[in-house]
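Below is one structure; the comments refer to it alone.
The values are calculated or read from the model by the stated rules, or taken from the named source; none is laboratory data. Quick caveat, the model's predicted, so the values are computed rather than measured. With ideal geometry, Cβ positions are generated from the backbone for all residues, glycine too; neighbour counts draw on all protein chains shown. Surface areas here come from the heavy atoms of the whole protein model, side chains and all, with no ligands, DNA or RNA. Shrake-Rupley method; radii C 1.70, N 1.55, O 1.52, S 1.80 Å.
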Amino acid sequence: MDNGFNSSRDSYFGGCVMSIQYYGIEDLGLTNGQRQTLVAELEQIGDNQSIYPNHRNHWRVRLDNKAVIFEGKFNDSDWTVDSLKNKLASIFSVSPATIGSSTQSTQYGPVVTYFRSGDKLKLVAFGGLLASWTESHDKVLAYLSNNKSAWGEE
Amino acid sequence: MPYPVAAVRGKNFGALGYSDKILGTEAANLIGYWPMNEASGTNSDNAEGTAARDGTYTGVTLGQTGIGDGNTCPLFDGANDFNNIASASLGTAGISDNLTVALWAKVSGSGVWTDSTLRYMIRFTYSTTSDYISIIRSATNNRLQWSCEWGNGGAIAVLKNSVTETGWMHMAITINVGSDAVIAYYNGSPTGSPGSGLITQSDTTLDTLRTLISSDDVSSPANIWDGWLAHAAIWTTVLTPAEIATLAVV
């Protein structure tokens, strides 16, 4: 079942489609160093030279530093199941084939859990990979509303 | 002449624009004015003229429909967007015991009033004393709150309940230590009972992480405004009710 995580939008310029959307990651079993390396890599993706602030990748970190919500104008290919798996594989210095993943549908969008000798990372595409910004925005606000204390909301 | 500074600038021959109205109000005491009318870029111009007090946008969607003065404004997404207006220059600009802060605000939809989330419109925080001034949508639904703590005199809050406005609102707060009065203004009129408990303070160092438009902390942005904000300004004097009433009209 696709769950909307590997679906593709209509293609432009040879298949590189960019859209503004919210994504989230949650550390389930990384070391501090592995998490910091992953987050540093994810902070670099997106249209970060854009003249528009909302196109540039910007993020918000959960109070325990174990989860991050990113928003920006991203290539859809930046946030596929395989792209994150490849990043994890590089961080672990292993073959991507040794990292498993499972996808679930949630009220906020599809959630992918990556595992290798235990769960390592969770990835969510708020609203789904084909979501409009409005749809993704609605889901991230709902998520923050339901997890206020963890994210520092009063 | 009501607006001599604006006339000298010669920006408008004929009717004065809203920005000229702000720039011409107690001009000698205006220390920061962020119209937020940029179409692009991450710089939020301080129209008062001191470039060192420009703000920096994160994540906002620029170029949105403004208050009706011909200027655009940013949309803040309620999740991670803010304008960082902290600067050493602003902190040493003569901020003292008489201040006025004002801006225009509009929620993204009626649901913002019932989402049970505290959302900042603006906040100035001092690093040494942790004194602050803020205007917020309270965590209590349908409530606006004008707050400050000055000279460690204890938190002061003026509240307005049963708010359901989905159009533009003009918000202002004045603090007058000499009179020990905090006055909240909603759409140009005083609202609530004046707060008291102000104590003189001399801290001039703004907290660079906690002086923001839409949020209260750069390091872990939270309580973000969900909607539009425009024409934020700060004066080192207490504007009169008549002056604030004038600013509340486009």
- prompt: For segment B:64-91, which residues satisfy the criterion of being open to solvent by less than 20 Å² (accessible area, probe 1.4 Å), at pLDDT below 95 and over 14 Å from B:Ile122 (Cβ atoms)?
  reply: B:Ser87, B:Gly91
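Kindly evaluate A:Phe5 against the criterion of being at pLDDT 95 or above and open to solvent by less than 30 Å² (accessible area, probe 1.4 Å). If you could, list the steps in order and put the result at the bottom.
Details: at pLDDT 95 or above: no; open to solvent by less than 30 Å² (accessible area, probe 1.4 Å): yes.
Considered against the rule, which asks whether it is at pLDDT 95 or above and open to solvent by less than 30 Å² (accessible area, probe 1.4 Å), A:Phe5 comes out as no.
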- prompt: What is the residue count in segment B:42-61 for residues that are within 14 Å of chain A (Cβ to nearest Cβ) and open to solvent by less than 20 Å² (accessible area, probe 1.4 Å)?
  reply: 5
Segment B:215-250: number of residues that are out of contact with any Asp or Glu (no Cβ under 7 Å at 6 or more places or on another chain) and over 27 Å from B:Thr65 (Cβ atoms): 9
message: Is it the case, given these coordinates, that B:Leu198 is hydrophobic (A, V, I, L, M, F, W, C), in a strand (DSSP E or B) and open to solvent by 10 Å² or more (accessible area, probe 1.4 Å)?
response: no
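Are any residues in segment B:220-240 more than 13 Å from chain A (Cβ to nearest Cβ), open to solvent by less than 10 Å² (accessible area, probe 1.4 Å) and outside any loop (DSSP other than H, G, I, E, B), and if so, which ones?
Of all residues in segment B:220-240, those more than 13 Å from chain A (Cβ to nearest Cβ) come to B:228-240.
Right, trim to open to solvent by less than 10 Å² (accessible area, probe 1.4 Å) and you get B:229-235, B:239.
Residues satisfying the conditions are B:Leu229, B:Ala230, B:His231, B:Ala232, B:Ala233, B:Ile234, B:Trp235.
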task: Specify which of the listed residues (B:Ser96, B:Ser40) is modelled with pLDDT of 95 or more and farther than 28 Å from A:Ser145 by Cβ.
output: B:Ser40
- line: Here the residues within segment B:66-95 that are free of Cβ contacts under 8 Å to residues at least 60 places away in the same chain and in a strand (DSSP E or B) are B:Thr72
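Considering every residue within segment A:93-105, establish whether at least one is closer than 27 Å to B:Asp77 by Cα and either in contact (Cβ under 8 Å) with a residue 60 or more places away in the chain or more than 9 Å from every other protein chain (Cβ to nearest Cβ) (or both). Before the answer, list the steps.
In the first step, residues of segment A:93-105 are kept if they are closer than 27 Å to B:Asp77 by Cα; the result is A:104-105.
If we keep only those that are either in contact (Cβ under 8 Å) with a residue 60 or more places away in the chain or more than 9 Å from every other protein chain (Cβ to nearest Cβ) (or both) too, we end up with A:104-105.
Yes - at least one qualifying residue is present in segment A:93-105.
Within segment B:186-214, take every residue that is within 12 Å of the chain's Cα centre (by Cα) and of a type outside the set (A, V, I, L, M, F, W, C) and give me the one that is farthest from B:Thr72 (Cα to Cα). Give the derivation first.
Quick first cut of segment B:186-214, residues within 12 Å of the chain's Cα centre (by Cα) only: B:211-214.
When the remaining residues are screened for being of a type outside the set (A, V, I, L, M, F, W, C), the result is B:211, B:214.
On the way: B:Thr211: 23, B:Ser214: 17 Å.
Per the stated criteria, the residue is B:Thr211.
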Residue under evaluation B:Ser215, criteria (1) open to solvent by 40 Å² or more (accessible area, probe 1.4 Å); (2) part of a loop (DSSP other than H, G, I, E, B), criterion not met: (1)
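Regarding segment A:26-35, can at least one residue be identified that is part of a loop (DSSP other than H, G, I, E, B) and within 14 Å of chain B (Cβ to nearest Cβ)?
The first filter runs over segment A:26-35 and keeps only residues part of a loop (DSSP other than H, G, I, E, B), leaving A:28-31.
Going one step further and asking which of them are within 14 Å of chain B (Cβ to nearest Cβ), we end up with none.
No, segment A:26-35 contains no residue that is part of a loop (DSSP other than H, G, I, E, B) and within 14 Å of chain B (Cβ to nearest Cβ).
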- prompt: Residue check: is B:Asn98 in contact (Cβ under 8 Å) with a residue 24 or more places away in the chain, within 27 Å of A:Val68 (Cβ to Cβ) and touching a Gly at 6+ places or on another chain (Cβ under 8 Å)?
  reply: no
message: Just to be sure I understand, how many residues within segment B:51-64 are in contact with a strand residue (DSSP E or B) (Cβ under 8 Å, 6 or more places away or on another chain) and either assigned to a loop (DSSP other than H, G, I, E, B) or more than 25 Å from B:Gly227 (Cα to Cα) (or both)?
response: 3
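Considering only segment B:96-137, how many residues are of a type in the set (Val, Ile, Thr), open to solvent by less than 20 Å² (accessible area, probe 1.4 Å) and either away from chain A (no Cβ under 14 Å) or part of a loop (DSSP other than H, G, I, E, B) (or both)?
Within segment B:96-137, the subset of a type in the set (Val, Ile, Thr) is B:100-101, B:107, B:112, B:114, B:117, B:122, B:125, B:128-129, B:133, B:135-136.
The next check asks that each one be open to solvent by less than 20 Å² (accessible area, probe 1.4 Å); those that pass are B:100-101, B:107, B:112, B:117, B:122, B:125, B:133, B:135-136.
If we keep only those that are either away from chain A (no Cβ under 14 Å) or part of a loop (DSSP other than H, G, I, E, B) (or both) too, we end up with B:100-101, B:117, B:122, B:125, B:133, B:135.
Of the residues in that region, 7 qualify.
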Looking only at segment A:110-150, and only at residues there that are among the aliphatic types (A, V, I, L, M), away from chain B (no Cβ under 14 Å) and in a strand (DSSP E or B), the one that is most open to solvent (accessible area, probe 1.4 Å): A:Val111
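Looking at this structure, is B:Gly178 open to solvent by less than 30 Å² (accessible area, probe 1.4 Å), touching a residue at least 24 places away in the same chain (Cβ under 8 Å) and in a loop (DSSP other than H, G, I, E, B)?
Criteria not met by B:Gly178.
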- prompt: Out of all the residues in segment B:168-175, is one or more over 19 Å from the mean Cα position of the chain (by Cα) and either of a type outside the set (D, E, K, R) or modelled with pLDDT of 95 or more (or both)?
  reply: no
- line: Residues of segment A:33-79 being within 20 Å of A:Trp151 (Cβ to Cβ) and either basic (Lys, Arg) or surrounded by fewer than 15 Cβ atoms within 10 Å (Cβ to Cβ) (or both), in sequence order, are A:Arg35, A:Gln36, A:Arg60, A:Arg62, A:Leu63, A:Asp64, A:Asn65, A:Lys66
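Take A:Ser50 and decide whether it is assigned to a loop (DSSP other than H, G, I, E, B) and at pLDDT 95 or above. Break it down stepwise before answering.
Details: assigned to a loop (DSSP other than H, G, I, E, B): yes; at pLDDT 95 or above: yes.
Judged against the criteria, A:Ser50 is a match.
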- prompt: Looking at (1) under 16 Å from A:Gln21 (Cα atoms); (2) touching a helix residue (DSSP H, G or I) at 6+ places or on another chain (Cβ under 6 Å); (3) open to solvent by less than 20 Å² (accessible area, probe 1.4 Å), which is the one condition that is false for A:Ile99?
  reply: (1)
